[in-house]
Amino acid sequence: MPSLLYKSLTDYNYPLFSTQFLNVSDASPPSSPPPNRNLSCRITSQSMSCSSETPLPTLRTVTIPYYELKDKDADLSLKIEEGFGPNGPGILSITDVPEFPSLRRNLLCLSSRLAALPEDVKKELEDPQSRYNFGWSHGKEQLESGKPDLLKGSFYANPLIDVPTNDTYLIQRFPSYCGANIWPLAALPELEVAFKALGKLIFDVGLMVAYHCDQYVSRGMKMQKDEGLEEILLRSRCHKGRLLYYFPAQLSNHEENGDSMSSWCGWHTDHGSLTGLTCAMFKRNDVEISCPDSAAGLYIRTRSGEIVKATFGENEIAYQIGETTEILSQGYLCATPHGVRAPKGKEASVVDRSTFALFMQPDWYVNRRWDEKLNFLFNCRDEKLKFSEDVYIHKEVFNAEVLLFQLIPSNDSLTFGEYSEMLLDKYYHKKT
């Protein structure tokens, strides 16, 4: 397949964001993705309680009913464009998915029980070799400030495959993907069942989303049968679920972060293909409550540069585009930077938060390399996406912006697994 020049459609030149895409050369641009005219009508100003008297814009995600999504003959291109297109927010949600409400509740209610297990039990669930990307993780990831993240605990597992490979070399080379799941079989046996059930459902629905994304993209660019997002996700053994538990704060003002819109999760762009996520569950003293601060939640920087709070229903599955899909689709599907803002104020004291995300991504042997001119090539089987020499990909920083190509020797070749390992170096201690 001939090389396809990807042209970024916007310049994320904004100090809040640690992930940026800068425009590539105008030479030989692909056919321009169609404009999106629908985003502005879904952005509204809403007064946020507790933490701000200034009205902040909110954006209700584009919604697709499950019965429409599962119909392969349905034309969902307008909704895909509105949610994921060049001027979209990079997110949409699926409504009325059978069994989702109960599966969501079953898993999220277990997060506090997991976090409350004895320290020696949780220690047995840790996997330093994978940089804590399997099993339990608390205080291992770094915040934007460079300090350890003690606000939340995470449990990672592949909900589809317990042992993705038995190849010793691969396990050592790509431990964050090729390692085996670690389950608290004695201490909390129901976690495995609930985690796999919800993860599998989100994956299956994600494949339906991917199918309709492929139908939309195929209208603007030539695609072989096995080149689409759906096939990439079906072939992959790299999918990773993350159950998150945000510990209750005695003092909920989070003075260190001030009014930061990323006080619970720093600004970033997902580097995989497609992320499925649930609406958060809040509890005070084990009693479920509504979010105590309407300014808290998921924030997105839109393609026009506006920062908005994205909202979707408790019984909806939201999906966000990752940068790999943006590259492979030539910008017809677009990822956006996002972060999570913690609740503030008196009412937010001793409130915990639970949520779940499934990161759907290519297999670890999808190839990335830089040539002698620092051109960026993304290889997936026979397809290649080529960037001109001034492109900056995935600037991951805490106190200063660092170009990814500064970390990669010229003429080097990277698989998706290697690329992901390098990104993990930004958040965890490097492997020795």
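At-a-glance table
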{"quantity": "Enumeration of residues in segment 268-308 that are of a type in the set (D, E, K, R) and either assigned to a loop (DSSP other than H, G, I, E, B) or under 16 Å from the mean Cα position of the chain (by Cα) (or both)", "calculated": "ASP270, ASP286, ASP293, ARG301, ARG303, GLU306"}
{"quantity": "Selection from segment 349-372 of residues that are open to solvent by less than 10 Å² (accessible area, probe 1.4 Å), in contact with a Cys (Cβ under 9 Å, 6 or more places away or on another chain) and at pLDDT below 80", "calculated": "TRP364"}
{"quantity": "In segment 75-109, the residues that are among the acidic types (Asp, Glu) and open to solvent by 60 Å² or more (accessible area, probe 1.4 Å)", "calculated": "ASP75, ASP96, GLU99"}
{"quantity": "Single residue of segment 285-295 satisfying the filter (out of contact with any Asp or Glu (no Cβ under 8 Å at 6 or more places or on another chain) and of a type in the set (D, E, K, R)) that is nearest to GLU316 (Cα to Cα)", "calculated": "GLU288"}
{"quantity": "In segment 314-324, residue surrounded by the most Cβ atoms within 10 Å (Cβ to Cβ) [restricted to those that are at pLDDT 95 or above and outside any strand (DSSP E or B)]", "calculated": "GLU316"}
{"quantity": "LEU160 being closer than 24 Å to GLU124 by Cβ, open to solvent by 20 Å² or more (accessible area, probe 1.4 Å), at pLDDT 90 or above and not in a helix (DSSP H, G or I)", "calculated": "yes"}
{"quantity": "Residues that are touching a Ser or Thr at 6+ places or on another chain (Cβ under 7 Å) and of a type in the set (S, T, N, Q), drawn from segment 113-139", "calculated": "SER130, ASN133, SER137"}
{"quantity": "Top-ranked residue in segment 178-235 [being under 18 Å from the mean Cα position of the chain (by Cα) and closer than 26 Å to ARG113 by Cα; ranked as most open to solvent (accessible area, probe 1.4 Å)]", "calculated": "LYS200"}
{"quantity": "Condition check for LEU125: open to solvent by less than 60 Å² (accessible area, probe 1.4 Å), touching a strand residue (DSSP E or B) at 6+ places or on another chain (Cβ under 9 Å) and in contact (Cβ under 8 Å) with a residue 12 or more places away in the chain", "calculated": "yes"}
{"quantity": "Some residue of segment 264-278 being more than 20 Å from TYR156 (Cα to Cα) and either modelled with pLDDT of 85 or more or open to solvent by 10 Å² or more (accessible area, probe 1.4 Å) (or both)", "calculated": "no"}
{"quantity": "All positions within segment 85-136 that are modelled with pLDDT under 95 and part of a helix (DSSP H, G or I)", "calculated": "PRO128, GLN129, SER130"}
{"quantity": "Qualifying helices (runs of 4 or more DSSP H) (wholly inside segment 172-250; at least 3 residues being of a type in the set (Val, Ile, Thr))", "calculated": "190-217"}
{"quantity": "Filter result for GLY153 (in contact with a Leu (Cβ under 8 Å, 6 or more places away or on another chain), outside any strand (DSSP E or B) and open to solvent by less than 20 Å² (accessible area, probe 1.4 Å))", "calculated": "no"}
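The values are calculated or read from the model by the stated rules, or taken from the named source; none is laboratory data. Here the structure is a predicted model, which is why all the values come from computation and not from measurement. All Cβ positions, glycine included, derive from the backbone under ideal geometry; neighbour counts span all protein chains shown. These area figures cover heavy atoms from the full protein model, side chains too; ligands, DNA and RNA do not enter into them. Shrake-Rupley method; radii C 1.70, N 1.55, O 1.52, S 1.80 Å.
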